[in-house]
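Just so it is clear, none of the values below were taken in a lab; they were calculated from the coordinates. Not measured: the values here are computed from a predicted model. Every residue, glycine as well, gets a Cβ built from its backbone with ideal geometry; the counts of neighbours run over all protein chains shown.
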Amino acid sequence: QPHFLFNTLNNFIALNQVGDRDTLENALYELSDMLRYVLKAPSLVYLSMELQFIEDYCALQKLRFSDRLTYEIQLNTPVDRYRIPKLLLQPIVENSILHGIEPCSHACRILIDVSSRDDQLVITVSDNGVGCSIEETENSIGLTNVKERLEFFSAESKFEMDSVKGKGTRTTIYLSKYSMEENR
């Protein structure tokens with residue numbers, strides 16, 4: 001997204017101006033890894049790769065929001081053998097940042113939780129931002145793409161989004177473990 005790239009490059013300039021070379025170097029590596037992933041990764045990636053992409057994305061967003069943003073990725077189940085569509089989670093995290101955290105005046109947290117339930121893998125992205133109108137986000141390009149990727153990937157997949165004004169947003173994806181197996 002152009003606005004993400006512009007904000008990130010402006011953060012790099014600021015880090016250079018204050019002489020924070022270590023943070024700037026790490027951020028450049030994170031952006032480089034993200035660009036490599038977007039340009040070279042296949043359409044189906046291991047969930048661990050997608051989560052590393054999200055880690056880099058959140059780290060770069062944290063440069064922009066500083067103490068106003070914390071994030072955590074909780075793995076309550078092994079993720080190395082499952083494959084998902086590339087860039088499935090980033091639009092959801094971006095939605096949390098743009099609609100929940102950016103307009104918020106208090107410190108906010110994004111939690112990405114990966115857990116297992118019976119024959120499903122459950123991925124939840126939640127935030128404690130300002131919340132959003134589900135109607136506002138239903139037609140967003142990013143979330144529409146997520147829903148289309150899920151539909152194409154597996155008929156058993158499911159997408160749910162709940163939001164409460166002033167309390168935050170929770171988006172949950174349910175994926176059949178069978179559809180994600182490595183040898184698919």
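Residue by residue, here is whether (1) over 16 Å from Leu88 (Cβ atoms); (2) basic (Lys, Arg); (3) out of contact with any Cys (no Cβ under 8 Å at 6 or more places or on another chain) holds:
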| residue | (1), (2), (3) |
| --- | --- |
| Gly129 | yes, no, no |
| Glu151 | no, no, yes |
| Lys167 | yes, yes, yes |
| Ser176 | no, no, yes |
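Can you find, within the stretch 78-110, the residue that is nearest to the chain's Cα centre (by Cα) among those that are among the charged types (D, E, K, R) and within 25 Å of Leu175 (Cα to Cα)? Top of the filtered list is Glu94.
Of the helices (runs of 4 or more DSSP H) lying entirely inside the stretch 104-184, the ones with 2 or more residues being free of Cβ contacts under 8 Å to residues at least 40 places away in the same chain and surrounded by fewer than 18 Cβ atoms within 10 Å (Cβ to Cβ) are found at 134-138, 141-153.
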